[in-house]
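Contents: one structure, followed by commentary.
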Amino acid sequence: MTIEQSFINDFEIEFIDDLRRLSLLKKDVAEKLEITMPTLNSKIQNPETFTVKDLKNLKELEFKLETLNI
């Protein structure tokens, strides 16, 4: 694990807040995105790897995505 990976990023904070606000589990999000939990965790740590389809599905789940500036 690199130094950068040991810190939580702004997107991850927002993602966790949205999970709580929406009463969702990461498992629910992974299923909606049709990806595995390890892939979801990787994308949360590196949000630039989300696809347009992923972002559309997150919006459908009512995630804010404000930290991504999209």
Checklist entry - When the residues of the stretch 34-54 are filtered to those that are farther than 23 Å from Phe7 by Cβ and within 12 Å of the chain's Cα centre (by Cα), which remaining residue is most open to solvent (accessible area, probe 1.4 Å)? => result Thr51
Item to check | Count of the stretch 5-14 residues which are surrounded by fewer than 11 Cβ atoms within 10 Å (Cβ to Cβ) and polar (S, T, N, Q) | outcome: 2
Item to check | Meets criteria (open to solvent by less than 100 Å² (accessible area, probe 1.4 Å), on the phi > 0 side of the Ramachandran plot and touching a helix residue (DSSP H, G or I) at 6+ places or on another chain (Cβ under 8 Å)) for Leu65 | outcome: yes
Checklist entry - Taking the stretch 47-70 only, how many residues are among the β-branched types (Val, Ile, Thr), modelled with pLDDT of 95 or more and not in a helix (DSSP H, G or I)? => result 1
Next on the checklist: Looking at Glu31 and the list (1) among the acidic types (Asp, Glu); (2) surrounded by 12 or more Cβ atoms within 10 Å (Cβ to Cβ); (3) within 12 Å of the chain's Cα centre (by Cα), which single condition is not satisfied?
Outcome noted: (3)
Checklist outcome for this item: Over the stretch 6-47, the set of residues closer than 12 Å to Phe63 by Cα and hydroxyl-bearing (Ser, Thr, Tyr) is Ser23
Checklist outcome for this item: Over the stretch 15-28, the set of residues part of a helix (DSSP H, G or I) and open to solvent by 30 Å² or more (accessible area, probe 1.4 Å) is Ile16, Asp17, Arg20, Arg21, Leu22, Lys26, Lys27, Asp28
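The values are calculated or read from the model by the stated rules, or taken from the named source; none is laboratory data. Bear in mind the structure is a predicted one, so any value in this text is a computation, not a measurement. Neighbour counts run over all protein chains shown; Cβ positions are idealised from the backbone, glycine included. Accessible surface is based on the protein model in full, side chains and every heavy atom, while ligands, DNA and RNA are left aside. Shrake-Rupley method; radii C 1.70, N 1.55, O 1.52, S 1.80 Å.
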